[in-house]
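Enquirer: Just dropping this structure here.
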Amino acid sequence: MNPRHRILAATAAFAIAFLASYPVAQSRRADLATGSFAQSSNPGAAVLIGPIAYFASDDGIHGRELWRSDGTPSGTWLVADILPGSAGSQPDRLTVLGTTLVFAASDLNNGREVWRSDGSAAGTRLVADLTPGVASTSFWGSATSFTVFGGAVLFAASDGVTNVELWRSDGTLGGTSLVRDIMSGPNGSYPAEI
């Protein structure tokens with residue numbers, strides 16, 4: 001994203017956050033959680049790829065999953081039901097890498113791992129099973145701790161072999177790897193402020 005677009009995106013995000021605190025400015029675009037006992041869908045912070053916002057939300061049927069919206073009811077839908085059932089895949093760390101969304105999510109076969117999406121169900125898939133099998137990779141840091149750098153995302157994680165160390169992913173299996181085992185042994189380096 002060029003600097004002008006970053007400024008526009010930051011200004012838009014500030015305006016939305018500021019106006020959302022005023023009841024007159026609020027307008028529901030889509031009711032994701034419906035039914036007589038519906039609770040809030042509790043949508044998470046959104047990231048933008050072009051005119052499309054991506055966010056995690058719970059519709060009361062699929063659990064917390066990845067959604068997309070163009071700001072209209074007809075343009076708002078579930079991207080993929082990664083973990084079928086009411087628990088949901090709990091996607092977080094939504095990060096834009098070019099035209100791809102990279103994030104962490106859970107499924108039944110791989111636990112919590114790195115995923116990617118192009119905004120379609122068919123284009124939403126596991127990037128790498130860093131901790132093989134159903135065991136989950138332990139991502140360290142805040143829920144927004146994937147950082148774009150040099151055509152990849154950097155993040156702190158433990159794969160069950162190394163403790164928490166610096167990893168990178170370009171959104172492909174071949175481009176996902178441990179950057180370096182900075183502190184070998186059981187302690188890990190716990191890289192912060194990536």
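The values are calculated or read from the model by the stated rules, or taken from the named source; none is laboratory data. Quick caveat, the model's predicted, so the values are computed rather than measured. Neighbour counts are summed over all protein chains in view; Cβ atoms, including those assigned to glycine, are modelled from backbone coordinates with ideal geometry. For accessibility, only protein heavy atoms count, side chains too; no ligands or nucleic acids. Shrake-Rupley method; radii C 1.70, N 1.55, O 1.52, S 1.80 Å.
Enquirer: For the ranges 185-193, 85-93, what's the packing order if you count other beta-carbon atoms within 10 Å of each residue, average per peptide, and put the highest first?
Expert: On the way: 185-193: 12.6, 85-93: 18.9.
The packing order, highest mean first, is 85-93, 185-193.
Enquirer: Hey, what did the stretch 43-194 get for relative contact order, percent, Cα under 8 Å, at least 6 apart?
Expert: Values: 382 pairs, mean separation 20.9, N = 152.
Worked out over the stretch 43-194, it gives 14 percent.
Enquirer: Subtracting the Cα-Cα distance from 0.36 nm times the residue separation, let me have the gained length for Leu178 to Trp77 in nm, one decimal. It would help to have the intermediate numbers written out before the result.
Expert: Numbers: separation 101, 0.36 × 101 = 36.36 nm, distance 3.43 nm.
Full extension of this stretch gives 32.9 nm more.
Enquirer: Taking 0.36 nm per residue of sequence separation and subtracting the Cα-Cα distance, how much length would be gained by fully extending the chain between Asp70 and Asn187, in nm to one decimal?
Expert: This chain segment gains 37.7 nm when fully extended.
Enquirer: Then there's this: If you find the alpha carbon centre of the stretch 165-194 and of the stretch 82-139, how far apart are they in angstrom?
Expert: First find each Cα centre; the distance between them is then 18 Å.
Enquirer: Using a 1.4 angstrom probe on heavy atoms only, work out the carbon and sulfur share of the accessible area of the stretch 130-184 in %. Could the numbers behind the result be given before it?
Expert: Values: 1700 of 2760 Å².
About 62 percent, which is the carbon plus sulfur part of the accessible surface.
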